[in-house]
Amino acid sequence: MAQTTKLTHKNVKEMAKHDPFREKTMETVQYVSGHRSQITKYGAAVLAVILLAGGTWLYLDSQHTARMNALNEAFKIYNSTVVEQGNPPPFANYWYRTKAEQTAAISKAFNGVADKYGNADEGMVAHYYLAVIAGDAGNTAEAEKQYKIVADNASKDYASLAKLSLAQIYKSNGKLDDGRKMIQSVIDNPTLFVTKEQATIELARLIENDKPEEARKLLEPLRTSPRTGVSQAALTALGDMMQHK
């Protein structure tokens with residue numbers, strides 16, 4: 001079987017330099033702290049940075065390249081334009097006359113990748129985006145279903161992102177124990193995409209209303225972390241807790 005070049009820590013940082021989310025791939029805590037309402041979109045952005053920084057990865061497996069090309073086309077449709085009248089903008093890869101047409105095309109594209117490539121990373125990323133799309137449409141049940149597919153079947157890096165998003169859904173549904181289990185599994189096994197510190201802060205936020213003292217105990221050690229992103233995120237979380245008292 002042909003081998004693929006493994007993505008290294010250095011590769012990730014180099015790719016991130018060329019994106020608005022640069023440095024956030026490795027320092028995720030600070031970004032999530034400042035963008036609480038968009039945690040699922042944050043995860044999606046990380047996946048885009050990692051998977052679509054053209055030419056940085058060296059792929060030796062032709063099947064892997066085919067999967068990447070299919071996912072790349074799905075991303076182009078995801079970033080397409082709706083033009084209700086007149087001509088589309090120059091160099092538009094895809095464009096549609098109505099939002100409904102665009103939404104249908106995006107869903108079809110990611111479902112196609114997910115169905116064709118199963119548990120491969122590209123298939124899992126497609127499932128992740130289907131969850132994001134469902135969440136944006138207010139379909140929480142479908143979002144939960146798609147995130148769970150990723151959490152249960154993807155490699156640990158991608159699964160960790162899905163677990164954080166699942167925990168947010170469980171919190172909104174009052175299932176704090178389920179959410180806690182999700183985040184704790186990431187704390188116990190941090191990944192390239194989700195650090196132990198980030199997961200700990202997410203756990204504190206998950207339980208801040210029901211167990212404020214425990215939440216503060218989780219955050220206090222991080223408040224003086226030598227890593228600026230971690231300390232700022234912990235301080236922000238502690239400040240939010242004080243405001244909500």
Taking GLY135, is it more than 15 Å from SER165 (Cβ to Cβ) and touching a residue at least 40 places away in the same chain (Cβ under 8 Å)?
-> no
Selection status of THR191, closer than 24 Å to ARG223 by Cβ, part of a loop (DSSP other than H, G, I, E, B) and hydroxyl-bearing (Ser, Thr, Tyr) = yes
Could you say whether any residue in segment 128-148 is over 26 Å from GLU208 (Cβ atoms) and in contact with a His (Cβ under 8 Å, 6 or more places away or on another chain)?
-> yes
Can you find a residue in segment 131-149 that is among the aromatic types (Phe, Trp, Tyr) and either over 24 Å from ILE183 (Cβ atoms) or touching a Pro at 6+ places or on another chain (Cβ under 9 Å) (or both)?
-> no
Conditions (1) modelled with pLDDT of 90 or more; (2) within 28 Å of MET124 (Cβ to Cβ) -> SER62 fails only (1)
Exactly one of ILE106, ILE133 is of a type in the set (Val, Ile, Thr), at pLDDT 90 or above and more than 23 Å from LYS156 (Cα to Cα), and that residue is ILE106
Does ILE77 qualify as being hydrophobic (A, V, I, L, M, F, W, C), surrounded by 12 or more Cβ atoms within 10 Å (Cβ to Cβ) and within 16 Å of ALA134 (Cβ to Cβ)?
-> no
Verdict on ARG205 being closer than 30 Å to ALA154 by Cβ and buried (at least 18 other Cβ atoms within 10 Å of the Cβ) = yes
Which of the residues belonging to segment 81-107 are outside any loop (DSSP other than H, G, I, E, B), in contact with a Phe, Trp or Tyr (Cβ under 8 Å, 6 or more places away or on another chain) and not hydrophobic (A, V, I, L, M, F, W, C)?
-> THR81, GLN102
Would you mention how many residues in segment 158-170 are free of Cβ contacts under 8 Å to residues at least 40 places away in the same chain and more than 10 Å from the chain's Cα centre (by Cα)?
-> 4
State which residue is modelled with the highest pLDDT when the search covers only segment 198-230 and only residues that are over 26 Å from ASN173 (Cβ atoms) and touching a helix residue (DSSP H, G or I) at 6+ places or on another chain (Cβ under 6 Å).
-> LEU222
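The values are calculated or read from the model by the stated rules, or taken from the named source; none is laboratory data. Predicted, not measured: the structure shown is a model, and the values here were computed from it. Positions of Cβ are generated from backbone atoms using ideal geometry, with glycine treated the same way; all protein chains shown enter the neighbour counts.
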